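So the structure is just underneath, and the comments pick up after that.
The values are calculated or read from the model by the stated rules, or taken from the named source; none is laboratory data. A quick note: this is a predicted structure, and the numbers were derived from the prediction, not measured. All Cβ positions, glycine included, derive from the backbone under ideal geometry; neighbour counts span all protein chains shown. Heavy atoms of the whole protein, side chains included, go into the accessibility calculation; ligands, DNA and RNA do not. Shrake-Rupley method; radii C 1.70, N 1.55, O 1.52, S 1.80 Å.
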Amino acid sequence: MTAKHAGAGSPHAKARVLVVDDDPHLLKALRITLAAHGYVVDSAVDGGSALAAASHHAPDLLVLDLGLPDMDGTEVLRNLRRWSAAPVLVLSARHGSPDKVGALDAGADDYITKPFGLDELLARLRALLRRVPGPESRPVVSTAGFTVDLVARQVLRAGQPVRLTPTEWNILEILVRNPSRLVSQQQLLSDVWGPSYRKEVNYLRVYMAQLRRKLEDDPGKPRHLLTEAGAGYRFVP
């Protein structure tokens, strides 16, 4: 890692960055450098602690190494994308195209290979932060009965917040991000609970019933959260 300049101010001062890497020397260097450029820095040395840190203090962006000791970085990405839209810059010593494609498909926004120049890293972080929607441009999906704010992770019905469990939110978010498209039972089960739960269709029936009771005017005749018998579910705005 090289740098031409250090200590310069950042136009994104106070943005929170979560840095995930199992190399203690690189992790320390990134913490010091990013803090010197005005970022609030959290760090983690493995995937499990990264996901815990991200859920405890929602980051504005992540710097994520792919080669972690407990799980691959792409698995961290897939878990993170169930509930967070924060931009992710992947760091990796892997130079092959398949690794880059895999990371991008899993939800990464950008990719940089080791060794890297610090100036380039900082420039890419600034570019990613410019893509983050501000409060005035949040992706909000509205229906006749309720409104879903995907960035604030909030649902309003008749102007009042609706309390959803994390699992209910994860299911709703997947459906809302795929408007009018059939989302299969297997995809929902795998994305929300994990691949080993792909046959547990009763889980979905229970949680979809709960969502309809909370969001639909007539849960027995839903207008927005529809079932395709034996196939999956569809969100109709």
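Kindly provide the set of residues from segment 50-85 that are at pLDDT 85 or above and of a type in the set (Gly, Ala, Ser), ordered by number.
Across segment 50-85, the qualifying residues are Ala50, Ala53, Gly67, Gly73.
In segment 150-159, how many are open to solvent by 20 Å² or more (accessible area, probe 1.4 Å) and under 23 Å from the mean Cα position of the chain (by Cα)? So that I can check it myself, show each step before the final result.
Initial filter on segment 150-159 (open to solvent by 20 Å² or more (accessible area, probe 1.4 Å)): 151-154, 156-159.
Among the residues that remain, those that are also under 23 Å from the mean Cα position of the chain (by Cα) are: 151-154, 156.
Counting residues in segment 150-159 that are open to solvent by 20 Å² or more (accessible area, probe 1.4 Å) and under 23 Å from the mean Cα position of the chain (by Cα) gives 5.
Could you figure out which of (1) within 13 Å of the chain's Cα centre (by Cα); (2) at pLDDT below 80 isn't true of Leu89?
Every listed condition holds for Leu89 apart from (2).
Open to solvent by less than 70 Å² (accessible area, probe 1.4 Å), more than 20 Å from Trp83 (Cβ to Cβ) and either not hydrophobic (A, V, I, L, M, F, W, C) or not in a loop (DSSP other than H, G, I, E, B) (or both), is that true of Pro219? Write out each step before concluding.
Details: open to solvent by less than 70 Å² (accessible area, probe 1.4 Å): yes; more than 20 Å from Trp83 (Cβ to Cβ): yes; either not hydrophobic (A, V, I, L, M, F, W, C) or not in a loop (DSSP other than H, G, I, E, B) (or both): yes.
Considered against the rule, which asks whether it is open to solvent by less than 70 Å² (accessible area, probe 1.4 Å), more than 20 Å from Trp83 (Cβ to Cβ) and either not hydrophobic (A, V, I, L, M, F, W, C) or not in a loop (DSSP other than H, G, I, E, B) (or both), Pro219 comes out as yes.
Does segment 172-181 include one or more residues that are open to solvent by 70 Å² or more (accessible area, probe 1.4 Å), modelled with pLDDT of 90 or more and farther than 15 Å from Gln210 by Cβ?
Start the filter on segment 172-181 by keeping residues that are open to solvent by 70 Å² or more (accessible area, probe 1.4 Å), which leaves 177, 181.
From the residues that got through so far, the ones that are modelled with pLDDT of 90 or more too are none.
Within segment 172-181, not a single residue is open to solvent by 70 Å² or more (accessible area, probe 1.4 Å), modelled with pLDDT of 90 or more and farther than 15 Å from Gln210 by Cβ.
Name the residue that is surrounded by the most Cβ atoms within 10 Å (Cβ to Cβ), counting only residues in segment 64-85 that are of a type in the set (Gly, Ala, Ser) and in contact (Cβ under 8 Å) with a residue 40 or more places away in the chain. Lay out the reasoning, then the answer.
Start the filter on segment 64-85 by keeping residues that are of a type in the set (Gly, Ala, Ser), which leaves 67, 73, 84-85.
Add one more test, that the residue is in contact (Cβ under 8 Å) with a residue 40 or more places away in the chain, and what stays is 67, 73, 85.
Working: Gly67: 15, Gly73: 26, Ala85: 18.
It comes out as Gly73.
Can you name every residue in segment 86-128 that is surrounded by fewer than 17 Cβ atoms within 10 Å (Cβ to Cβ) and of a type in the set (Phe, Trp, Tyr)?
Listed by number, the list holds a single entry, Phe116.
Quickly run through segment 30-63 and pick out the residues that are open to solvent by 30 Å² or more (accessible area, probe 1.4 Å) and more than 16 Å from the chain's Cα centre (by Cα).
Arg31, Ile32, Ala35, Ala36, Val40, Val41, Asp42, Ser43, Val45, Asp46 - these are the residues of segment 30-63 that are open to solvent by 30 Å² or more (accessible area, probe 1.4 Å) and more than 16 Å from the chain's Cα centre (by Cα).
Residue check: is Gly194 out of contact with any Ser or Thr (no Cβ under 6 Å at 6 or more places or on another chain), over 23 Å from Leu150 (Cβ atoms) and either open to solvent by less than 40 Å² (accessible area, probe 1.4 Å) or at pLDDT 90 or above (or both)?
Details: out of contact with any Ser or Thr (no Cβ under 6 Å at 6 or more places or on another chain): yes; over 23 Å from Leu150 (Cβ atoms): no; either open to solvent by less than 40 Å² (accessible area, probe 1.4 Å) or at pLDDT 90 or above (or both): yes.
Criteria not met by Gly194.
Which members of segment 188-237 meet the condition of being more than 23 Å from the chain's Cα centre (by Cα) and among the charged types (D, E, K, R)?
The answer is Lys199, Glu200, Arg205, Arg212, Arg213, Lys214, Glu216, Asp217, Asp218, Lys221, Arg223, Glu228.
So for segment 13-23 (the condition being modelled with pLDDT of 90 or more, farther than 30 Å from Asn170 by Cα and open to solvent by 50 Å² or more (accessible area, probe 1.4 Å)), does at least one residue qualify? Before the answer, list the steps.
The initial filter retains those residues of segment 13-23 that are modelled with pLDDT of 90 or more, namely 16-23.
Still in the running and farther than 30 Å from Asn170 by Cα: 23.
Now drop any that are not open to solvent by 50 Å² or more (accessible area, probe 1.4 Å), which leaves 23.
Yes.
Looking at (1) within 15 Å of Asn79 (Cα to Cα); (2) open to solvent by 50 Å² or more (accessible area, probe 1.4 Å), which is the only condition Glu200 fails?
(1)
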